[in-house]
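To keep things clear, I will list the structure first and then write my remarks on it.
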Amino acid sequence: MKKSFKFISTLCALTLVTTLAACGGSKSGSATDGSTTDGSTTDGSTKTTDTSKDTTTASKDIPTLVWWTIGGQVPNNFSKAIDAMNAYTAEKIGVKIDIKVASWGEWDTKINTIVNTGEPFDIMFTNSGKYSKQVAMGALADITDLVQSETPDLYKVIPEKVWEGTKIGGKYYSVPTYKDSALTQYWVYDDKYVQKYNIDINNIKTLQDLDKPLHAMKAEGKSFYPLPMTQGEGLNGFLNEYDDLTLGFPPVGVKADDASRTVVSVLEQPDVMANLKLLHQWYKDGIINPDAPTKTENDKGRAFFAAQAFPGAEVGWQINDAVQKYDMVQHYGPIYSTSTIQGSLNAISANSKYKKEALKYLELVNTDPKLRNMLAFGELGVDYKNVDGEKVIERTSDTWPLAAYTQGTFFNLAVTKGAPEDQWEQVKKLNDAATSSTVLGFALDISNLQTEVANCQAVWDKYKYELITGASDPEKMVPKITAELKSAGMDAIMKAAQEQINNYFK
């Protein structure tokens, strides 16, 4: 069957700045928000304060929605900031929110557990690595008709092509985050090391180009690691050149510029193996921190890191990392793929009692600058202050934990003081300039592959942290991983993917 997609400007990528844990058993009663009747949490995580308990007891007309998202450590004023949001949204649309934050390191485990156990929630941040699996499991609500009938302003503010990029089986199961649609990858350097070691940052485009400056910075000392990593992502963007077909499973993909659209075992590709070997050498040389495979959160003040970003993102990192100046240099992209379009989504639980209310809340996030800024920046007067109405803000703390890219559109969001005034126009220009993956528009249907996908994911999860942080020798580990993946069903996934691609692009 022939289909076509022409995404010219659409959605998603990874970071504005910033910044889900198993559901454990308990003998105490369990409430629908995931907390126990004694005030602890069933998952052992920090319980987000229910900022509207008294109000909802008095008024059944103001529901409080549970929104699971990803972020950093919750600060002391988090409940106060949510209180302010709830006072505003209760008056505007008669809805409040209980935001629950899972750390960057815990997010995979937490969200998988919530979905697998049926733990109640209303809204959940998700992305291409999880979205199709969650839809296949029946965990997410079909909002195709509801979003158009109940929240027409939300439907209008997000371009049709962005909505199209979220479709599974011709239906919408999420609200996309309309922002940097195409992936653009950057190297980010602390400028004091650039100056000290005379690093020619504009001529560094490949991992091999990084070898000399990273080794130069190692002169700072034995316990100084020029390329600090965490287990969550290793080196951000390491496999960007391979389209993962929205599977969220890096070992299977298509080279983004491959006109033949051939599905390959990614880890076995010569270019990937060469880069894995370089990572391993850096690990042995002390360029990468030895606890990278187990470390879950980044320290502040990184000398160098990689990020998917956009012009002006470094301003937020400077604040969060307490670094005087970061130099940010584009080295890959911009490029569209279906996964970048699905890189930041908010879905509503199929079991939520408040589907309409959840959509109305997401509509307000995407159309109301005041709420958008509160979600992105925190408590007004504590975490940020307005400089030019809701158009320009100044950050006054570095503790707000929520990641702005997970919440809503960038195009009603304030510019942070110090960033280019035309920052969001520059983002739109990146979208317009983007090339496209040769399989853009295609999303792998895993309806008949769920067992194989789950088994292969389990294998990958067992080894990935050691591999993507450089801790293990790829010449030994890749053959081992590949053999186990094949036993778990990777060949069946690759065969089905190739057949679906061939049919899609007839």
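The values are calculated or read from the model by the stated rules, or taken from the named source; none is laboratory data. Just so you know, these numbers come straight off a predicted model, no measurement behind them. Note: ideal-geometry Cβ built from the backbone for every residue, glycine included; neighbour counts use all protein chains shown. Calculation scope for accessible area: heavy atoms of the full protein, side chains included, ligands and nucleic acids excluded. Shrake-Rupley method; radii C 1.70, N 1.55, O 1.52, S 1.80 Å.
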Rounded to one decimal in nm, the spacing of the 7 Å Cα→Cβ label points at D83 and K284 is 5.7
For K192, counting only aspartates and glutamates whose alpha-carbon sits under 17 Å away and dropping same-chain residues fewer than eight positions off, the answer is D200, E220, E314, D321, D327
Output row, site E499, 7 Å Cα→C-beta label point, backbone N cut-off 18 Å, window region 238-258, residues 253
Subtracting the Cα-Cα distance of K385 and T262 from 0.36 nm times their residue separation yields 39.2 nm
Over all Cα pairs of region 438-506, the Kirkwood radius sets Rh, and Rg/Rh then becomes 1.06
Taking only the alpha-carbon atoms of region 64-104, the convex hull volume per residue, in cubic angstrom, is 55
Taking a crude spin-label model, label points 7 Å out from Cα along the C-beta direction, the F411 to S447 distance in nm is 3.3
Given unit charges at Cβ for Lys, Arg (+) and Asp, Glu (-), the dipole magnitude of the chain about its Cα centre in debye, nearest 20, is 440
Rounded to the nearest 10 Å², the 1.4 Å probe accessible area of S447 is 70
Which of (1) 25.9, 89; (2) 22.2, 65; (3) 26.0, 83 gives Rg and Dmax of the Cα atoms in Å as computed here? It is (2)
Percent of all Cα-Cα pairs per 10 Å bin for region 147-294, counting from 0 up to the last occupied bin, reads 9, 28, 28, 21, 12, 3, 0
Sorting D432, D398 on solvent-accessible surface, 1.4 Å probe, most exposed first, gives D432, D398
Under the Karplus relation with 6.51, -1.76 and 1.60 and θ = phi - 60°, whole-Hz ³J(HN,Hα) for region 197-207, x at Gly and Pro, equal 10, 6, 8, 7, 5, 6, 10, 9, 10, 10, 4
Note to self, the chain gives a 222 nm [θ] from helices alone (DSSP H runs n ≥ 4, -39500 (n - 2.57) apiece, / all residues, nearest 500) of -11000 deg cm²/dmol
With the label point 7 Å along the Cα-to-beta-carbon line of A350 and a cut-off under 13 Å to each amide N, the hits in region 132-156 are 132-143
Residues whose built amide H sits under 5 Å from the amide H of Y332, excluding neighbours closer than 5 in sequence, are Q185
Heads up, region 103-208 by the C-alpha gyration tensor (a ≥ b ≥ c square roots of eigenvalues; a/c under 1.5 rounded, else a/b over b/c prolate, else oblate) looks prolate
For 240-248, 294-302, ranked highest to lowest by mean beta-carbon neighbours within 10 Å, the order is 240-248, 294-302
Violations at 25 Å Cα threshold for listed pairs K167/K255; K80/K385; K133/K167; K222/K476; K353/K385; K205/K486 -> K222/K476; K353/K385; K205/K486
With the 1.4 Å probe rolled over protein heavy atoms, the chain has an accessible area per residue in Å² of 41
Share of accessible surface on carbon and sulfur in the chain, whole %, 1.4 Å probe and ligands ignored, is 48
Length-normalised contact order of region 122-262, Cα under 8 Å, at least 6 apart, in percent, tallies to 20
